[in-house]
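Peer 1: I'd like to ask you about the structure that follows.
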Amino acid sequence: MLLLIVILLIVWVVLAVLLTAWSMWFQGFLYTEPSTGLVWRAPAAASAIMATVFLWVIVDYRTQGKYRPIWETTSTESSKSFAELRVPGESGKDEVYKLRPGTRNEYREGGLPSGKKLAATPPQVIVVEGEGRAVFKPEVDAKGNYLRHKTRGVEDPLRYVDEKGRVMREGEFGQLETFRTGTFIGNLFINLLFLAACFLSLWLLARFQWLHALLHAVGAGRC
C-alpha cells in the first residue's frame, strides 16, 4: 500500500510538470497567448485530477480490481464451482461428472483421474439444486447452430443459459456468471467522475477553452 502511495505521488509530480509545459505550449500555439498564472493553475489542475485518480486507485485496490476504465471493466462475476455436473447420455441416463480436487473447472466422470472428461460443448449441462434441476442449454441461432457472440472482432466462448437467465460459459462449466448491478453503476460513476474532474480542472483552472478541455478529458479517459 505504501509503495502504491509513493507511485501516485510520483505520478502527481510528473503530471503537474507535463501539464504546465503542455498548457503553456498548447495555449500559446492556439490562442493569442497562454493564460496568466499557469505556473500555479496547471499544477492545481493536475492536483484535482490526481485526487480523483487516487480515489479510483484506492477503490479498485480494495475491491481487488473491479473498478477499471470503462472499456476494460466487466460487471459480471463467476460463482464458486459446482461439485457435480450432469450431461444427458446416449442411453437416456445422466452422465455424472465431478469436479477434480484442486481445479476450477476440470470435470471427469465419477470424479476419477481416469474418468471421461466433460465434453467441450455438451448438448446440455444439468445442475441438481436441492430437489430441482437447472438445465443450461447452449445459445443457438435461427438455424440451430451454436451462437457465439463477438467482442471487438474476437469470438467469445459459447454461452449456456438456464430458464432463470443464469449463464455458464464454454470452458468455464460449473461456474455461474452473474451480472452485478452495483459494480456496473460504480464503474460508470467513477469513470464519469474522472472525466468530469479532467474537464472542469482543465477548463476552470488551466483556462483551456471548454471544447479543448473536453477533448483533452476524453483523451485522458482513453489512456
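The values are calculated or read from the model by the stated rules, or taken from the named source; none is laboratory data. Since the model is a prediction, treat every value here as computed from it, not as a measurement. Neighbour counts are summed over all protein chains in view; Cβ atoms, including those assigned to glycine, are modelled from backbone coordinates with ideal geometry. Accessible surface is based on the protein model in full, side chains and every heavy atom, while ligands, DNA and RNA are left aside. Shrake-Rupley method; radii C 1.70, N 1.55, O 1.52, S 1.80 Å.
Peer 1: Quote the relative contact order of the chain in percent (integer), defining contacts as alpha-carbon pairs under 8 Å separated by 6+ residues.
Peer 2: Computed value for the chain: 20 percent relative contact order.
Peer 1: Please report, as a whole percent, how much of the solvent-accessible surface of segment 1-97 comes from carbon and sulfur atoms (probe radius 1.4 Å).
Peer 2: Of the solvent-accessible surface of segment 1-97, carbon and sulfur hold 67 percent.
Peer 1: Could you tell me which residue out of 202, 107, 36 lies farthest along the dipole of the chain toward its positive end? Charges go on the beta carbon: Lys and Arg +1, Asp and Glu -1, centred on the Cα centre.
Peer 2: 36
Peer 1: Could you pull out the trypsin sites (Lys or Arg not before Pro) across segment 112-181 that fall in loop regions by DSSP (anything but H, G, I, E, B) with no more than 16 other Cβ atoms inside 10 Å?
Peer 2: Passing both the DSSP loop test and the Cβ count: 116, 143, 148, 152, 164, 166, 180.
Peer 1: Please give me, ordered by residue number, the GluC sites (Glu not before Pro) of segment 119-223 that lie in loop per DSSP and have at most 14 other Cβ atoms within 10 Å.
Peer 2: 131, 139, 163
Peer 1: Which order do you get for 121, 151 if you rank them by accessible area with a 1.4 Å probe, largest at the top?
Peer 2: The ordering from most to least exposed comes out as 151, 121.
Peer 1: Another question, if that's okay. Compute the accessible area per residue over the chain, keeping the other protein chains in place, probe 1.4 Å, unit Å².
Peer 2: 62 Å²
Peer 1: A follow-up question, please. Dipole magnitude of the chain about its Cα centre, charges +1 at Lys/Arg Cβ and -1 at Asp/Glu Cβ only, in debye to the nearest 20?
Peer 2: My answer is approximately 200 debye.
Peer 1: Okay, next question. Taking the Cα centre of segment 1-93 as origin, work out the dipole magnitude from +1 charges on Lys and Arg Cβ and -1 charges on Asp and Glu Cβ, in debye rounded to 20.
Peer 2: In total the dipole reaches around 240 debye.
Peer 1: Restricting attention to segment 1-102, which GluC sites (Glu not before Pro) occupy a DSSP loop and are surrounded by at most 11 other Cβ atoms within 10 Å?
Peer 2: Answer in residue order: 72, 90.
Peer 1: Still on this model: Using a 1.4 angstrom probe on the protein heavy atoms only, line up 146, 31, 107 by accessible area, largest first.
Peer 2: The ranking, largest first, comes out as 146, 31, 107.
Peer 1: Counting only protein chains, not ligands or nucleic acids, how are 199, 184 ordered by accessible area (probe 1.4 Å), most first?
Peer 2: Heavy-atom accessible area, descending, gives 184, 199.
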